[in-house]
Every structure is written in C-alpha cells, then in structure tokens.
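Remarks on the structure that follows.
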Amino acid sequence: MKRLVTVIILTISLLVSILLCWMIAGCTTGQVTVKPSSLGDSYFPLLGNEGYDALHYHLDITPDFDAETLDATVEITIQATQNLTEFNLDFWGYTITDVTIEGQLVKYGRDQGELMIIPNYPIAIGDTFEVTVAYNGKPRKGIPEDVFYGGPKFLASAGWVFHAGGSFVTSEPRGASFWYPVNDHPKDKATYSFSITVPEPYVVATSGELIEVINDNGMLTYKSVLNDLTASYLVTVHTGDLVLDETGKEGQVPIRNYFAGRHFDRARPIFEDTSEMITFYEGIIGEYPFDVYGSVVVDFDLTYALETQTLSTYGTRILEDSVRADITRAHELVHQWFGNSVSLARWRDIWLNEGFATYLSLMWVTEIYEDDVVQSVLNDWYDRISDPDFMNTAPDSIGDPDAENLFHDAVYWRGALTLHALRQHVDDEVFFEMIRTYFQRFKDSNATVEDFIALANEVSGEDLTDLFDVWLYQKVVPQIEGLPFGDDTS
Ligand SMILES: [Zn+2]
C-alpha cells in the first residue's frame, strides 16, 4: 500500500513536471530537461527554489563600462536540506561558460529564469558544497517587460544598471537574478562577499564593509564582506565617481556614505545626522541590527530610493533638502529593522515593510519638526487615500495587494495609517511595546502579516482582529480621530 502510494505520487509528480515543462517553451537545454522549482510564493511562483539553503555568495564581477557588460564568477556555498540529484537557481540572461560543484564541471540546463544544475553524484541531506557559475554578457538581456513595476523608467527591480559614469544595483522585488545566480527569495537569506574589479578612477561601494583595495596596474579590485544575513534583493554594488564620507563614524554604528563627486558638497550636510537618526530609532525599536550603515547618492535621477542593506540607495532627488527628503531618509533607515532584519515571509506581506517604514519615518519628523508638520503629513495621507479617484486605482486589500500593486501608494499611506489607527486604539505605551517585541521576535528572520496580528493581540491582551480586518483587508477608509478628512458614513 505504501509503495503504491509512492508510485502514484512519483507518477503524478512526473506528469506535473512534464506538463509545466510543456507549458514553458524551450525547456530542454542540450541533454538536460529543466524542471521548474519553487518556494511557493503566490505572487512569484518561480522565485526561490526548494531543497537547499544558500549560506554564502561570493560575487566576483568585472564590469566593462564601454561595452556595458559583466564578466563574473559567483561561488555559492549551499547546504542540502533534501537529498539532491538536481537543484535550481534563479538566473536570467547572460552567457554561462562553466558551472562546477566542488571544482568539477557539471551539467546544467536553462529555461527563462530557471537554471537547473545536475551534480555528478547525488548530494546527501545536510551536506555542504560549493557551486560556481561563470558567466558574461549584458545585464537585462532576456528580461520580460512585466518586471518593470510602474513602467519602464521604474528601475527598482532591474538589478545591475549601467548609466553614464558608472552603475548601480536595485533589485526589489525580483531583480537579483538579473545580475547573479541566486535562490531569489527573502526566505533564504545569506551572507555575502564581493570582489569587484574596475579601472581607475572608478570607485566601488557595496553592501557591507570594505576590506581592501588591490591595485594591479591601474585595475582596482575592491574586496568587501557583508556578514549580516541578507535577502537577495537588498544586495547592492555601486560604481562610479563616488567620494567616501565617514561623517558620524564616531557613533556606535560605523557610518560610511558615498556621494557622486559632483554632488558631494550638497549631499554631505544632508546626511550629517545619520548617527543621530540611528540612535533615535534604537530608542524606539531596539539595537541597530547590522555591523555598519550609510547611504549612497548616485549621479542618476532615480524616481525611488531603496533600503539596500547597510547602504541605502538614493538618486539626486534626495538632494532637494526638504521634509520629504527627511522622511525618505528615515524611511530607508527604518527598513534596516523592518524589511531587512525582519523580512517578509511572502511578497504578499509587503505591508510589513512599507507600512512600518512609512509610519515610523514620521517619528523622526516628530523629533525635528513642529507638531503641525507631522499633523499635515498625516492629513495629507488620509486625504489622499480617501479620494475617490485614488480609491479606484487602489488594491482591494493592502494585506494582500497582488504582485502588480506591491508598490502602490495605498500600501504605504493606508499601511502607515493602519499603524496610526492601532496606536490610537491601544495607546503609546502598548503600541511601542508591540514594535519592540515584533523586532526582537523576528529579527534576522521572516514574518507574515498574521504573525504581526497575533503578536499585537498578545501584547495588547485584546482581540484586534476587527481593526486589522477593516484596515488591511477592506477598501473603506475608517475614521481616525484628529484627522479632518474622515468619511462619516464609514
Ligand atoms: Zn520602503
């Protein structure tokens, strides 16, 4: 009976594999039939792969700024969590020249974003082994259009982007696999090291800490390490005319900022208060979770900023010094706790990233501006999310907004006001106890929206299901005390 069940399951698995393979054109590469692999994320079913835990990535990359290509070798230390006769990485584009396991060439196959690797011998559960993938080519080659959330100019998920004078990397939510082979899901965080080789006078800035720069006849190799567990989309490498600024390094957390040379004088004073901001947020949330922090301002008009781990990424818009810039800098810093250390477990949990960073950024505004500035920001958010035109485009639920609405303003503004409503309901003492407990319990790990709701119920000693239900899973905008644009009928 048991054996029969096994045979049936194997037969069904085979049929499903063949069916999925048939559904994706061209899934046979040479002798290798590529089977899809998944971590079961409903928004991005093919992101992430099962059967192993990626422990460490070493990214050895030489960009060619004239040809706008990368020449790279990535070494990945992997631990099997199942017996493996094959396994997948996520990787789009480029020409792969070699794949090895423990130094031996192995077979592999590719189908769109799936790279399937076949070890020469089965790998036993618990074994740790090293995979290398050598590749070259142009970033973004072969990337489907649909990854560009918000239109082609919104490059947040493009991975490695060359621009005049250098390059930057932002990868949320799924751009990591556009510049290196990876288990591309926040559920499998890893540590990183980097060897990035550029010609003089280019400067390299990566997530983590710079160890040394080796000069070989005018070719500079920047070696750095990122010892904190990091989700793949948060890993960044910047190159260009970047000038190092270590203002604030006397604080508990070492600070290193990199500013595009021609913007250095404007950028430096704007970021001078970084240590002060970290100390402020440590008082609210808990100890800063990583070894180092800083910001990079690239010489490019980015329409967004991103909380790339230990080195937040900004375009030149951040130089328009204003309340908005202060909110943005606080937002990206708060993400180091919420988003980066406490990572979402599924992409549908995006509220845990954006609602928290948006709302808690206001705490810094409270610290440095008059009360009426904070009130006007809250009013503005409430006014906008109540606007009928806005509501028409907003997702039905910010607790599960769909992949195309991951970065809809509703996730940010309504998401922030959800926490404001919670704070008003339970009072400040209980609210900030929730924030601290949530961080302590889920740091260096992953959480779901349901995890936070359960924790809020536990800390408050109250069933808050109805409050979360209306804010996260309905479209109506409830009244909030003190905000003048409330809908009396809701
Ligand atoms: Zn954010």
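A few points about this structure:
- Within the chain, the selection of entire DSSP H helices by a Cα span of 18 Å or greater along the long axis and an average Kyte-Doolittle value of at least 0.0 returns 2-23, 351-368.
- Here segment 241-330 is assigned +1 on the Cβ of each Lys and Arg and -1 on the Cβ of each Asp and Glu. Its dipole about the Cα centre then comes out at about 200 debye.
- Excluding ligands, DNA and RNA, the accessible surface per residue across segment 241-330 is 41 Å² with a 1.4 Å probe.
- Highest to lowest packing among 157-164, 336-343, 104-111, scored as the average C-beta count within 10 Å: 336-343, 157-164, 104-111
- Probe 1.4 Å, accessible area per residue of segment 344-473, Å²: 40 Å²
- Over 29 Å (Cα to Cα) - which of Lys35/Lys443; Lys35/Lys223; Lys138/Lys443; Lys138/Lys189; Lys35/Lys475; Lys189/Lys475 fall in this group: Lys35/Lys443; Lys35/Lys223; Lys138/Lys443; Lys35/Lys475; Lys189/Lys475
- Rounded to the nearest 500, the helix-only mean residue ellipticity at 222 nm of the chain stands at -9500 deg cm²/dmol, with each DSSP H run of n ≥ 4 adding -39,500 (n - 2.57).
- Rg and Dmax, both from the Cα atoms of the chain and both in Å, are 23.3, 75.
- Scattering profile of segment 344-473 at q = 0.09, 0.11, 0.20 Å⁻¹ [log10 I(q)/I(0), Debye over alpha-carbon scatterers]: -0.25, -0.38, -1.26
- The residues of segment 91-137 expose on average 45 square angstrom of accessible surface per residue, using a 1.4 Å probe on protein heavy atoms.
- Share of carbon and sulfur in the accessible heavy-atom surface of the chain [1.4 Å probe, %]: 51 percent
- Using the average count of surrounding beta-carbon atoms within 10 Å as a protection proxy, the listed peptides 309-322, 34-47, 360-373 rank, highest first, as 309-322, 34-47, 360-373.
- Across the options Thr197, Gly166, Gly103, the greatest Cα extent toward the positive end of the charge dipole of segment 31-235 (unit charges at beta carbon of Lys, Arg, Asp, Glu) belongs to Gly166.
- Among 296-302, 423-429, 400-406, sorting by the average number of other beta carbon atoms lying within 10 angstrom of each residue, highest first, gives 296-302, 400-406, 423-429.
- Separation between Cα centres of segment 423-447 and segment 260-294, rounded to whole Å: 23 Å
The values are calculated or read from the model by the stated rules, or taken from the named source; none is laboratory data. Keep in mind it's a predicted model, so treat the numbers as computed, not measured. As a convention, Cβ positions derive from the backbone with ideal geometry for all residues, glycine included, and neighbour counts pool all protein chains shown. When the accessible area is computed, the model is the full protein with side chains, heavy atoms only, and any ligands, DNA or RNA have been set aside. Shrake-Rupley method; radii C 1.70, N 1.55, O 1.52, S 1.80 Å.
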